Amino acid sequence: MTARILDGTALSASVRERLAVRAAALKARGITPCLAVILVGEDPASSVYVRNKVNACEKAGLRSLQDIYPAEVDPALVLARIAELNEDPAVHGILVQLPLPKQFDSAAVLEAIAPEKDVDGFHAENVGALMQGAPRFIPCTPYGVMEMLKSQNVTLKGAEAVIVGRSNIVGKPMAMLLLAADCTVTVCHSRTRDLKFHTRRADILVAAIGKAKMITGDMIKPGATVIDVGMNRLPAEQGGKLCGDVDFESAKEVAGLITPVPGGVGPMTITMLLANTIEAAERIL
Ligand code: NDP
């Protein structure tokens, strides 16, 4: 069997069309949704992510502000800028690109963002709201994954969902969302004893590990839905290409539905950031 491909680029395009209509409706009422992005340092991957986010805003009719600081900046300066953006009524969403350099207390920076502008959904108040089943901002990557599952009518109720990875930005919120959708959820991590035992039980398998091609076809239940969140750059001697945490070639022979990398979860993550920013602007009407 060869899996159907869940095309995140195509789904993104249709979701972004609907978002552009909402952005235009806000504009007609004198409000241009605005996302402020803060980038610290010159990490090439982070710079690309920020550029993609800013470009996506422009295309969808949102305004964006960019503050770029050198890696050695005093954290107090960044915190002061966040305080300013919190107070600015023309700014609806604030995002600090992670990871931050060593001198930063990342948690303190995320807590400094006003919860009602925290479009990444990383503020403790928003994490708590998600945990209680009443989310205000859903973290963009797991939000995008849920939209992908919904778009394909994947059965969630009662499904065995296995997530590999327990980070605050992907694995944990993903678990909360799948649980809220009535899946039976298992979260695996680097100390999980028999990873394959768990992954082979999964009707829905989400890989958010950060290890290129770690999930191979023999670890997948035939017909499963496989969502590959991973974004790994292969070494130059292997072609330097972007690849996921799933070994796509072997996995697609076993899975029923699979997301590619690139062109899977990545574009949907940015799309849901736009959705959260528009939502934040709509809430102040
Ligand atoms: P983290 O490094 O924060 O978390 C990785 C998780 O994987 C950890 O929970 C870790 O376990 C677990 N893990 C590591 N090695 C193993 C192993 N051998 N077996 C089982 N579990 C393991 O990563 P993120 O969650 O931030 O990101 C994961 C991947 O997703 C990365 O490739 C990242 O680039 C990508 N990503 C993609 C996005 C997109 O838009 N497509 C957005 C965000 C991330 P432990 O907790 O025990 O250390």
How large a share of the accessible area of the chain, in percent, is made up of carbon and sulfur atoms when the probe is 1.4 Å and the other protein chains stay in place?
55 percent
In segment 234-285, the trypsin sites (Lys or Arg not before Pro) that fall in loop regions by DSSP, at most 14 other Cβ within 10 Å:
Lys241
Can you work out the accessible area per residue across the chain, with the rest of the protein chains kept in place, probe 1.4 Å, in square angstrom?
47 Å²
Candidates Arg136, Arg191, Arg63; GNM for the chain (alpha-carbon contacts under 10 Å) flags as most fluctuating Arg191
Could you pull the Cα extents of segment 74-223 along its three principal axes, largest to smallest, in whole Å?
52, 32, 22
For the chain, what size does the Cα cloud have along each of its three principal axes, sorted from largest down, in whole Å?
53, 41, 36
Cubic angstrom per residue, convex hull over Cα atoms of segment 29-116
83 Å³
Assigned charges on the beta-carbon of Lys, Arg, Asp, Glu; segment 152-225 dipole about Cα centre (debye)
280 debye
Return the single residue from Gln238, Gln103, Gln152 with maximal mean-square fluctuation; model: Gaussian network over the chain, springs between Cα atoms under 10 Å.
Gln238
Considering every Cα-Cα pair within segment 139-266, what fraction, in whole percent, is farther apart than 20 Å?
36 percent
Helix axis angle, 75-87 relative to the chain longest principal axis, alpha carbon, degrees
80 degrees
Looking at the chain, which longest stretch skips every one of the GluC sites (Glu not before Pro) that is in a DSSP loop with at most 15 other Cβ atoms within 10 Å, leaving the sites themselves out?
73-252
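The values are calculated or read from the model by the stated rules, or taken from the named source; none is laboratory data. Note that the coordinates shown come from a computational prediction; the quantities given were computed from them, not determined experimentally. Ideal geometry is used to build each Cβ from the backbone, glycine not excepted, and the neighbour counts take in all protein chains shown. Side chains included, ligands, DNA and RNA excluded: accessible areas come from the protein's heavy atoms. Shrake-Rupley method; radii C 1.70, N 1.55, O 1.52, S 1.80 Å.
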